[in-house]
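*Asks:* Provided herewith is a single structure, encoded as structure tokens, for subsequent inquiry.
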Amino acid sequence: MFKYPRFIITTPKGKFIKLYFWNAPFLRRFSKPKSTKERQSQRASVKNRFALIKKTLNIQNVLNYWRSGLVLMSLMLITIGLWSSLKKDFSDLPKSRLDVPDYTLKNFKTTRMDEQGHQKNQLTAKMMVHYPQANTALTAPYMVFYNEEGQPAWTMRAEKGEISPDGNQIKLLGNTTLQRQTQNPQQQVEVISQDVLVQVDTEYAETAAPSTIISHNSKTHSIGMRVFMPTEQVELLSKVRGHYVLP
């Protein structure tokens, strides 16, 4: 007995051959060959039947391949449909908690002290919106840095602002004004610029935006500037031009 996919060939002692193919029997009885010519004819007949079965199996394999391809294509279409549906559902969900403030304060005010308990700097704003893990937003921020005598040394004002999560960086956004405060009006300096980054701990400020520095008898323009508040130095970065008025 020889077993093949989907059919069985049985040879009961050379009397007849029975073929089962998809549960449909092909039966042909062969009498005992009487001559060499008849034996060759029977062999040719069996060979032809094997060729027919092989051809039929090849057709069935092609159909199986097509059937598998259709199943895979159907699964792909179903997956794409489910993904589109889920994507639409997710787009309707509320934004991440990182974009939702956990509290807000009006007329916000905070003061930092040094190790001796003296005022180091103070920040106020009309509105403060705090986010759990993002920059805190400020409306109309105003900042004051104090000198060792406890007197205002520099003041900063802007349209908007942001505080980093650790509180060490403050971005003054929009139109920004920095002023050096002294008791002598002739020594006061005003810096007009935009988008100034302030390092609170080191009392340092910088910007890459166009800046104008106004003093008692001069006006200077530059692209970008740096302010070192402890030493009262203003560094102009590029394209510096200005005019000076003699007293």
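*Asks:* Extent of the range 99-244 along each principal axis, from alpha carbon coordinates, in Å, largest to smallest?
*Replies:* For the range 99-244, the Cα extents along the three principal axes come out at 51, 35, 22 Å.
*Asks:* I need GLU115, GLU232 ordered by Cβ neighbour count within 10 Å, fewest first.
*Replies:* Fewest-to-most ranking of GLU115, GLU232: GLU115, GLU232.
*Asks:* Here is a further query. Please work out how much length the chain gains when fully extended from GLN233 to GLN188, using 0.36 nm per residue of separation minus the C-alpha to C-alpha distance, in nm with one decimal. Please report the intermediate quantities before stating the final value.
*Replies:* Values: separation 45, 0.36 × 45 = 16.20 nm, distance 1.24 nm.
Working it through step by step, the gained length comes to 15.0 nm.
*Asks:* Of LYS171/LYS239; LYS126/LYS171; LYS109/LYS160; LYS160/LYS219; LYS109/LYS219, which pairs sit farther than 22 Å apart, going by alpha carbon to alpha carbon? Don't skip to the end; give the middle numbers.
*Replies:* On the way: LYS171/LYS239 24 Å; LYS126/LYS171 16 Å; LYS109/LYS160 15 Å; LYS160/LYS219 26 Å; LYS109/LYS219 33 Å.
Going by Cα-Cα distance, LYS171/LYS239; LYS160/LYS219; LYS109/LYS219 fall outside the 22 Å limit.
*Asks:* If you don't mind, there's one more thing I want to ask. Which order do peptides 137-147, 201-211, 100-110 fall in by mean Cβ count within 10 Å, highest first? Write down the numbers at each step before the final one.
*Replies:* Details: 137-147: 19.9, 201-211: 16.8, 100-110: 11.6.
Put in order of decreasing packing, that is 137-147, 201-211, 100-110.
Every number in this text was worked out from the coordinates using simple rules, so none of it is lab data. The structure presented is a predicted model; accordingly, all values stated were derived computationally and were not measured. Every residue, glycine as well, gets a Cβ built from its backbone with ideal geometry; the counts of neighbours run over all protein chains shown.
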